[in-house]
Amino acid sequence: MSDAKKGSRDISDLKARLGLKKQGAQTGSTPRAGNGAQSGGVVAPPGLNLPAPPGMAPAAPPQPVMPNAADDPFGAMNAMAKQHIPQRAPEIVIVNDGRPVENVGQQSHAASILRMAVPAAIALIVGIAVGKIGTSASAYNAGLKDAKWILGDKENPSSVVALKKVLSDLDTALDEAKTKHSFKPDKAVDDQLRAIAKKLDGVKTDLVFRAKENALNDEIAGRIFAFYAGITEVKDMIDQHNKATIGDDIALKKGKEAADAANLPADSALAGNLKFAVMVSAPTDSNRGDDFGAKIVEIAGVICPGSKTAQPRCPEGESPSGIAYRTNPGEVPTTGDLASPGTDTVPAKKLLTIIPNGISKALVVGTEPGVSEYYYTRRLRSLYERIHGKPGQDGKPAGGLLDEGNKLESALQAEANKSSRFSFFM
């Protein structure tokens, strides 16, 4: 075969592979059948497209020959492209918001947390509000309970009612001591104070101070603290007095013994007077060496008619003719005369009886009993004024603990009569 024929055949084969060569131009080739020929029907003339007979589905259009990719890669690619309908590639829109790509995931995570946190926060706020309302109601109800407990009755020794009764008894005892002997030492008063102190020992002021005072209004809470602080103060005052009376009793007992010894005996003609007297001393014409002044002398008794010795008293129907006295302890008594009343002139060497008073008592019994009596009186007076109150400008007592108890009782009674509130925490 010549080279010309061989080259012409190679070109023809290449066109056939590429699908560029017409089928009808081939010599000796059999014309392709139409749709009808493929389905076994009548062969349609060239250029005429007849519909398929009834009941017969039209045949699929012929597919181009798929070359072997190993032999003809370009032909295989063209055939493959003809079998697919070209589609528009999906359009991707890129938006630049100015934030880094790594922040996109963080923003989504924060949004998720926010969606969960907002309802939780709302529920928390509602819960807190309901809790505060419930707590407030519970505190109010606790305040009413505290008011009733503090008000109490006489069976509760820590209640206001019971303490008012104790203060009233104490006020009565001190008022009697004032009226009878101006708060002077009295064993009966001391016994009453000890009995009252035992009643106050049972008062549990710590429970009162631990009560929910914030559940009550400030005025009532202040009155409660002031009243029970006053009770504690009065209890301390009584305890101090009772302790002090132990030493006072010893000193006063010694003073009483000294006072009894300083008085003339009951069987003496001068009973009721001190056994000490005052004698005026002054120089006289017969004795210019005497001192001028007054001397404290001791009365040894009376001189009866016809006797020169001192006697407690003269026989029945006889009057003393003189007074026996001594200027120094243990010496022999001297006879003297009592000064006659009714004159403003006191002659020398006449005896004057001493009128008892605080100074004379202190001189007789000593200073220790006098000091004990002074502080005894002062303690009782202070205790009386703390309970009863000090006199005001109008002369009426005010500011006493008993008056504070009356006001507190009225306030607690009004508070205890209020109705309780609904609470989830009841």
Every residue from the range 300-350 that is closer than 25 Å to Thr284 by Cα and of a type in the set (Gly, Ala, Ser): Ser321, Gly322, Ala324, Gly336, Ala339, Ser340, Gly342, Ala348
Per-region count, the range 319-364, residues of a type in the set (Gly, Ala, Ser) and touching a Phe, Trp or Tyr at 6+ places or on another chain (Cβ under 7 Å): 1
Among the residues listed as Ser321, Ser268, the single one being hydroxyl-bearing (Ser, Thr, Tyr) and touching a residue at least 40 places away in the same chain (Cβ under 8 Å): Ser268
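Would you confirm, using the coordinates I've provided, whether Ile355 is assigned to a loop (DSSP other than H, G, I, E, B), at pLDDT 80 or above and of a type in the set (A, V, I, L, M)? Please lay out each step first, then the result.
Numbers: assigned to a loop (DSSP other than H, G, I, E, B): yes; at pLDDT 80 or above: yes; of a type in the set (A, V, I, L, M): yes.
Criteria met by Ile355.
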Positions within the range 267-324 being within 21 Å of Ala348 (Cα to Cα), in a strand (DSSP E or B) and in contact with a Pro (Cβ under 8 Å, 6 or more places away or on another chain), in sequence order: Leu274, Val280, Glu298, Ala300, Gly301, Val302, Ile303, Ala324
Test: residue in the range 380-390 that is in the same structural domain as Ala251 (by TED's automatic domain parsing), of a type outside the set (A, V, I, L, M) and either at pLDDT below 80 or part of a loop (DSSP other than H, G, I, E, B) (or both): yes
Near pairs, Cβ below 6 angstrom, 6+ apart or cross-chain, from the range 364-387 (among the hydrophobic types (A, V, I, L, M, F, W, C)) to any residue that is surrounded by fewer than 21 Cβ atoms within 10 Å (Cβ to Cβ) and part of a helix (DSSP H, G or I): Val364/Ala262; Val365/Ala258; Val365/Ala259; Leu383/Met237; Ile387/Asp171; Ile387/Leu402
Residue list for the range 152-165, restricted to those being surrounded by fewer than 18 Cβ atoms within 10 Å (Cβ to Cβ) and β-branched (Val, Ile, Thr): Val161
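The values are calculated or read from the model by the stated rules, or taken from the named source; none is laboratory data. Predicted model, so just to flag it, every value in this text is computed and none were measured. For neighbour counting, all protein chains shown are included, and Cβ atoms are generated from backbone atoms with ideal geometry for every residue, glycine included.
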